[in-house]
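Below you'll find the structure, written out as C-alpha cells, and then a few comments.
The values are calculated or read from the model by the stated rules, or taken from the named source; none is laboratory data. Fair warning: this is a prediction, and the values are worked out from it, not measured in the lab. Note that we place each Cβ from the backbone using ideal geometry, even for glycine, and neighbour counts take in every protein chain shown.
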C-alpha cells in the first residue's frame with residue numbers, strides 16, 4: 001500500500017488548493033513545500049472574476065477573504081490618457097463575481113493552512129531529490145523515499161517535476177516584459193482596478209488596489225525597448241514610465257515603494273498533456289500564462305479544481321489523470337488564444353500591427369464586447385473560438 005494517496009510537490013496556490021480539496025474527501029495527502037516562509041517575489045496578485053468562481057468551488061473563498069482578500073467592483077480602462085467608461089464586473093461580466101486582489105504571500109499561507117486544517121500533512125523546508133513515475137510513483141525526500149497513488153507537480157514555471165516526469169514543454173517567444181512593485185499611500189479608489197493601454201507606444205500599465213492605499217502596480221513594454229526596472233533606484237523611473245503611458249500622475253502622488261521592484265519576461269509555456277505514468281502537473285508547472293494578462297492564479301485554481309473533480313469521480317486514477325489533462329489543455333488553449341489576440345491588438349509593433357489596430361480599435365470603441373471577455377469571464381463563459389476571432393478581426 002502506498003504511503004499516501006497524493007503527494008503534492010509545492011505548497012503554493014495550485015498545490016495547496018488541490019491538497020485541501022482531496023483531504024476534504026478523506027484522501028491521505030502529503031504536501032512538500034521547500035520554503036519555510038513565503039516572500040514577495042512580485043507575483044500576480046489579481047484574480048479575475050472567473051478565478052473567483054473557482055476559489056468558491058474549491059471552498060477557499062472565506063479563508064481568502066479572512067487573509068486580506070479585497071474585492072474591487074470596477075475595472076477602469078484608459079486609452080492612453082483618455083478614460084473610458086468603467087465596467088461594473090458584478091453587472092456586466094458574465095461571471096457575475098468581483099475581482100480579487102490579495103498580497104501573494106498571505107494568499108499562499110492561507111491556502112496552505114486550509115489544506116492542513118482539512119487533514120493534509122504539510123512538510124515545509126524539505127527538499128525533493130527526485131520523482132520516479134510509474135504505477136506507484138515515488139518521491140525521494142531529504143529524509144527518505146515515500147510512495148503515492150499520484151504525484152502532483154505544483155512547483156512553478158521552472159518545475160523540476162516536469163523534468164523528472166519527462167514532460168515535453170512548449171514555449172512561446174518572450175516578446176514583452178512586465179515590471180511590478182507593491183506601493184503604499186496610493187491616492188486612488190480602492191474599489192476599481194485600472195488598466196492603461198497605449199498600443200502605438202507598446203506600453204501598458206495596471207493598478208490593482210488591495211485596500212487601505214496599498215496597490216500592486218505594473219508597467220509593461222516590448223522586450224525590444226530594453227526597459228528592465230529593478231531595485232529602489234528605479235522606482236521613480238517606474239512612476240515616470242507609467243505616467244508617460246497615460247496613467248494619471250495624481251495616482252502616484254506620495255506613493256511609496258513597499259516591496260521589491262523587478263521585471264520579468266512575459267510569455268506562455270505549457271505541457272500539451274499534463275499527466276502521465278502516475279504524475280500530474282498543475283498550476284504554472286502545467287501551463288504558465290503570459291503574466292501581462294493576469295491569468296496565472298485563475299488558471300492554477302481551475303487546474304486544481306479539475307484534477308480534484310476527476311479524481312473524485314472514479315477509483316481509476318489513471319483514467320482520471322488523462323481526463324484531467326485533456327480538460328486542462330482545452331481550457332488553457334482558449335486563455336492563451338485570448339491573450340495572444342490582446343497582445344496583437346495592444347502590444348505588437350510595426351506597420352502590419354498598426355494596420356490591424358486602425359481596423360480593430362474603432363470597432364472596440366463602438367462595441368467593447370467584440371474583444372473576447374475571456375480574461376475576465378473565463379474560457380467557459382467567453383471562449384476564444386473561431387466565432388470570437390471573426391467578430392474581432394473579420395476574415
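Would you confirm whether or not segment 201-220 contains a residue that is in a helix (DSSP H, G or I) and within 15 Å of residue 343 (Cα to Cα)?
Yes, that holds for at least one residue.
So that you can scan it fast, the table gives a plain yes or no per residue for (1) surrounded by fewer than 19 Cβ atoms within 10 Å (Cβ to Cβ); (2) farther than 28 Å from residue 221 by Cα; (3) in the same structural domain as residue 20 (by TED's automatic domain parsing); (4) touching a residue at least 40 places away in the same chain (Cβ under 8 Å):
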{"site": "69", "(1), (2), (3), (4)": "no, yes, no, no"}
{"site": "75", "(1), (2), (3), (4)": "no, no, no, yes"}
{"site": "86", "(1), (2), (3), (4)": "yes, no, no, yes"}
{"site": "90", "(1), (2), (3), (4)": "yes, yes, no, no"}
{"site": "95", "(1), (2), (3), (4)": "no, yes, no, yes"}
{"site": "99", "(1), (2), (3), (4)": "no, no, no, yes"}
{"site": "108", "(1), (2), (3), (4)": "no, yes, yes, yes"}
{"site": "112", "(1), (2), (3), (4)": "no, yes, yes, yes"}
{"site": "115", "(1), (2), (3), (4)": "no, yes, yes, yes"}
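I want to confirm something. Restricting to segment 304-343 and keeping residues that are under 15 Å from the mean Cα position of the chain (by Cα) and farther than 20 Å from residue 290 by Cβ, which single residue is surrounded by the most Cβ atoms within 10 Å (Cβ to Cβ)?
304
Look through segment 226-247, keep the residues that are in contact (Cβ under 8 Å) with a residue 12 or more places away in the chain and not in a helix (DSSP H, G or I), and return whichever of them is nearest to residue 79 (Cα to Cα).
Ranking the qualifying residues of segment 226-247, first place goes to 246.
Which of the strands (runs of 3 or more DSSP E) contained wholly in segment 89-163 include at least 2 residues that are under 28 Å from residue 268 (Cβ atoms)?
Per the criteria, 128-132, 144-153.
Is there a residue in segment 349-367 that is buried (at least 21 other Cβ atoms within 10 Å of the Cβ) and either more than 23 Å from residue 99 (Cα to Cα) or at pLDDT 95 or above (or both)?
No, every residue in segment 349-367 fails to be buried (at least 21 other Cβ atoms within 10 Å of the Cβ) and either more than 23 Å from residue 99 (Cα to Cα) or at pLDDT 95 or above (or both).
Starting from residues that are at pLDDT 95 or above, in contact with a helix residue (DSSP H, G or I) (Cβ under 7 Å, 6 or more places away or on another chain) and not in a strand (DSSP E or B), keep the ones in segment 172-189 and report whichever is surrounded by the most Cβ atoms within 10 Å (Cβ to Cβ).
186
Exactly one of these conditions fails for residue 148: (1) crowded, with 22+ Cβ neighbours inside 10 Å; (2) farther than 30 Å from residue 362 by Cβ; (3) within 21 Å of the chain's Cα centre (by Cα). Give me its number.
Exception for residue 148: condition (3).
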